[in-house]
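To start, the structure under review is shown below, and the notes come after it.
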Amino acid sequence: MTDLTSLTIAAARDALRKGDVTSAELTEACLTAIDGADALNAFVHKTPEIARQQAAAADARRGADAPDLNGIPLGIKDLFCTKGVPSQAASRILDGFRPEYESTVTRQLFEAGAVMLGKLNMDEFAMGSSNETSVYGNAVNPWRREGDDTALTPGGSSGGSAAAVAAGLCLGATGTDTGGSIRQPAAFTGITGIKPTYGRVSRWGIIAFASSLDQAGPMARDVRDAAILLRAMAGHDPLDSTSADLPVPDFEAMLTGDIRGKTIGIPREYRMDGMPDEIESLWAEGRRMMEDAGARIVDISLPHTKYALPAYYVVAPAEASSNLARYDGVRYGRRAKLAQGDGIAEMYEKTRAEGFGDEVQRRVMIGTYVLSAGFYDAYYNRARKVRALIKRDFEEAFANGVDAILTPATPSAAFGLGEMADADPVQMYLNDVFTVTVNLAGLPGISVPAGLDRQGLPLGLQLIGRPWEEGDLLNTAYALERAANFVAKPGKWW
Amino acid sequence: MSIDKDTAARVAHLARIRVDEERLPALAEEFNAILGFIEQLNEVDVDGVEPMTSVTPMRLKRREDVVTDGDRQAEVLKNAPDAREGFFAVPKVVE
C-alpha cells in the first residue's frame, strides 16, 4: 500500500468512498507519523482517543454520500477552542484552559466527519513570523538546506500547521492569518494556504488577536485540498456578527484550470529594494506561467503598499491590547502567585507579566500607547485612514478589470531558528511585507509553492483575488500550480 | 517623538503588565524602534479620508431582544483559577 499519510485529501476521500482504506487505518498511520516526529514539535497536544472515536464514527457513516471530509485526519491550530481539549494559543497565560465550547470552524469540520489528531504549535497569540514566540518551544521546518542540518523555521504564526502538513503528519490543517500567518508558513514549507475574504469564515471560538484582520483558513498539500477544506470551514454564523451571510460555493467544482482571458495584475510596488534575485526570478517565472496559460498580464500600481506594514503595526497591536485585556487571572487560565497584601492591581500586573511572552507584552504595550489619550488621533486614526487608502488601491485595480494580482509570498526562503534573535522587532515584521496588505484590505489571498531556491528550500507565490471570489482565485491558483508543477518533498531526517 | 523610561513605565502600568525597573530602558528603546517605523505614516496625505471602520461594508445583523443562552454557571466557572460558592474569587478590592 502507498504511504497513507502522503495522500491528498481528495485521494483519501476517493479511497475511503471506494472502501480501499478505512478512516481507522488512515488515522493510525497519522498517529504513528506524529509519534515519530516529536523533533518537529508540531503537535503540542495529541488527541489520539478523540481521533480514534471520530475515525470509528466516520467509518460507520461511510458511503458514497458521506461528506468530503468524512474520515479525513486533520491537525488543528492551538488558537481554535476545542471542547475539553487544551486550547491555549501557545501562551503560558492560558495554561490549563480547556474550553467548554467548540469553535464554529472545528464544529463544522467535525460535523463533516473530519478527525482531529491534535493541536498544533504556533506563535503565542499568533504574534510572530517564525513560531519562536510559542510557550511550547519552536516548531521546526521539515525542510533543510542542502547539505546543512541547521534547524529552520516553518514560519509563523501557523508554523506547527505548516510543518505538520509538509511532513505528512496529517492530511490538512487549520490555520489563521492576521498579517500573513497562513501564507508565509505555507510558502516556507512548500504547501498551499489560503486566507479567505474577511467574513467568509466564522471567528467564533478562535482566540482573538486583531479582530478586524483575523481570518481562519486551510493549509493543505495542494489547491484542490485547500478548496475542499475551505468549503467545510466557511459559511454564515450567527455567533460572529462580522460573518457574511453569503452562500458558500463548491470551490472544488470551480477548479477547471482554465484562466484564458483572465487579467493578472503585477504590482510594481512589490518590487522591493534588496529583494533577493531568486524571489525576483520566481516572480517573473510565475508571470510567464500565467501568460502561457492564456491570461493577460498587466502592470499595475498599488501606491500605498509601502505604508501597509506601519499601518498594520498600529491597528493590530491596538486591537490586540483590547482583546488581550481579558487575560486578567480571574476567569480562566493562570493566575500569578500573590504575596501577602497584594491587591487586585498586583494580581493583574503579575499575572500578565508572567503569563505573556516578550513579543506579546511588546505588542500589548504598543497598542496601549497608540490608543492612549493624546496619541489616538496621531497613530490609531491615521493608521485607519491609511488602511482605507490601501483598500482603495486594490478597489481601483479591480475596477480596471484586474481579476487577480500576482506577487511573491515572502521576501526570502525559510531562515534559521534563532537567526533573527538579535535583530530588532521590525526586522521580523518585514516577513509579512507582501501578505499584510491583503489583511488590511480584507481580501482573499493564497500562497502556492512555485519553486526551490539554490539551497533547495521551497518558495511560494501569492495570488490576491476580489472579495468573495475565492472560487475564481482558487482556480487561478490551480492553473499556477499545474504550471509550476512543484513536486519536491522534504527528505525525512526526523 | 521619543519614549523615555518614565513613559515606558506609564504604558506598562496602563497595560497592567509589571515591568522590572531595570528592564525599562531596553523596553523604551524597543518602543522607539517600532514607533520610528510607524512614523512613516506621517508621509501619507490623508486629508478628507475617513478612518476605516469596517473592512467589508456591512450592516450588523439585528435580532429579537430575547434570551437565547444562559444558565451555565458551572461551565462559566470551570476554568477559573479561584472560584468559590458560585463566584469568581479575587483579592480584596475594597478596604
On a straight-distance basis, which lysines could pair with A:LYS306 in a cross-link, Cα separation under 24 angstrom, same-chain partners fewer than 8 positions away excluded? A:LYS195, A:LYS385, A:LYS391
If I build a Gaussian network model for chain B, linking alpha-carbon pairs within less than 10 angstrom, which residue out of B:GLY48, B:GLY36, B:GLY70 has the largest mean-square fluctuation? B:GLY70
Length gained if A:LYS83 through A:THR8 is fully extended, taking 0.36 nm per residue and subtracting the Cα-Cα distance, is 24.3 nm
Partners for A:LYS83 among lysines (Cα-Cα distance below 22 Å; same-chain residues under 8 apart left out): A:LYS46, A:LYS119, B:LYS78
Solvent exposure of the range A:314-404 as accessible area per residue, Å², 1.4 Å probe: 37 Å²
What is the distance in Å between the Cα centroid of the range A:428-452 and that of the range A:96-154? 19 Å
Using a basic spin-label model with each label point 7 Å from the Cα along Cα→Cβ, how many nm lie between A:ARG454 and A:ALA345? 5.8 nm
Taking the alpha-carbon centre of each part, the distance from the range B:47-77 to the range A:177-217 in Å is 21 Å
Compare each residue of the range B:50-81 in its chain alone against the assembly with all protein chains, and report those whose accessible area goes down by 20 Å² or more; 1.4 Å probe, heavy atoms. B:PRO51, B:MET52, B:VAL55, B:THR56, B:MET58, B:LEU60, B:LYS61, B:GLU75, B:LYS78, B:ASN79, B:PRO81
Kirkwood estimate for the range B:18-77, i.e. one over the average of 1/r between Cα atoms, Å: 17.9 Å
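If you take every residue apart from A:LYS337 with its C-beta less than 15 Å away from the C-beta of A:LYS337, what net charge results, scoring Lys and Arg +1 and Asp and Glu -1?
Values: positive: A:ARG92, A:ARG334, A:ARG335, A:LYS350, A:ARG352, B:ARG18; negative: A:ASP95, A:ASP342, A:GLU346, A:GLU349, A:GLU354, B:ASP82.
Neighbour charge sum, excluding A:LYS337 itself: 0.
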Using only protein heavy atoms and a 1.4 angstrom probe, determine the accessible area buried between B and A, summed over both sides, in Å² to the nearest 100. 5200 Å²
Put a dot 7 Å past each Cα toward the Cβ at B:THR7 and B:ALA74; how far apart are the dots in nm? 5.3 nm
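Any idea what the dipole of the protein assembly as shown comes to, in debye rounded to 20, about its Cα centre with Lys/Arg Cβ at +1 and Asp/Glu Cβ at -1?
Working: 63 positive and 83 negative charges, 211 e Å.
Dipole of the protein assembly as shown, to the nearest 20 debye: 1020 debye.
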Descending packing, highest mean Cβ count within 10 Å first, for A:41-47, B:20-26, A:171-177 is A:171-177, A:41-47, B:20-26
Rolling a 1.4 angstrom probe over the protein heavy atoms, how many square angstrom per residue are accessible across chain B? 73 Å²
So which GluC sites (Glu not before Pro) in the range A:397-494 end up in coil per DSSP with only 15 or fewer other C-beta atoms within 10 Å? A:GLU419
Report the FRET efficiency, 1/(1 + (r/R0)^6), for A:ASP149 and B:GLU85, where r is their Cβ-Cβ distance and R0 is 60 Å, rounded to 0.05. 0.60
At 1.4 Å probe size, with the rest of the protein present, what percent of the exposed accessible area of the protein assembly as shown is carbon and sulfur atoms? 48 percent
Would you calculate a helix-derived [θ] at 222 nm for the protein assembly as shown, using -39,500 (n - 2.57) for each DSSP H run of n ≥ 4 and dividing by the full residue count, to the nearest 500? -10500 deg cm²/dmol
To the nearest 20 debye, what is the magnitude of the charge dipole of chain B about its Cα centre, counting +1 on the Cβ of each Lys and Arg and -1 on the Cβ of each Asp and Glu? 580 debye
Just grab the label-to-label distance for B:ASP47 and A:MET254, each label 7 Å out from Cα along the Cβ direction, in nm (one decimal). 4.1 nm
Hey, can you list the residues from the range A:304-342 whose accessible area shrinks by 50 Å² or more with all protein chains present, relative to the chain by itself (probe 1.4 Å, no ligands or nucleic acids)? A:TYR307, A:PRO310, A:VAL330, A:ARG331, A:ARG335
In whole Hz, what ³J(HN,Hα) sequence does the range A:159-164 give by Karplus (6.51, -1.76, 1.60; θ = phi - 60°), x for Gly and Pro? x, x, 4, 5, 4, 5
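The values are calculated or read from the model by the stated rules, or taken from the named source; none is laboratory data. The model shown is predicted, which means the values in this text are computed figures rather than measured ones. Using ideal geometry, Cβ is built from the backbone for each residue, glycine included, and neighbour counts are taken over all protein chains shown. Side chains are part of the model used for accessible areas, which takes the heavy atoms of the whole protein and leaves out ligands, DNA and RNA. Shrake-Rupley method; radii C 1.70, N 1.55, O 1.52, S 1.80 Å.
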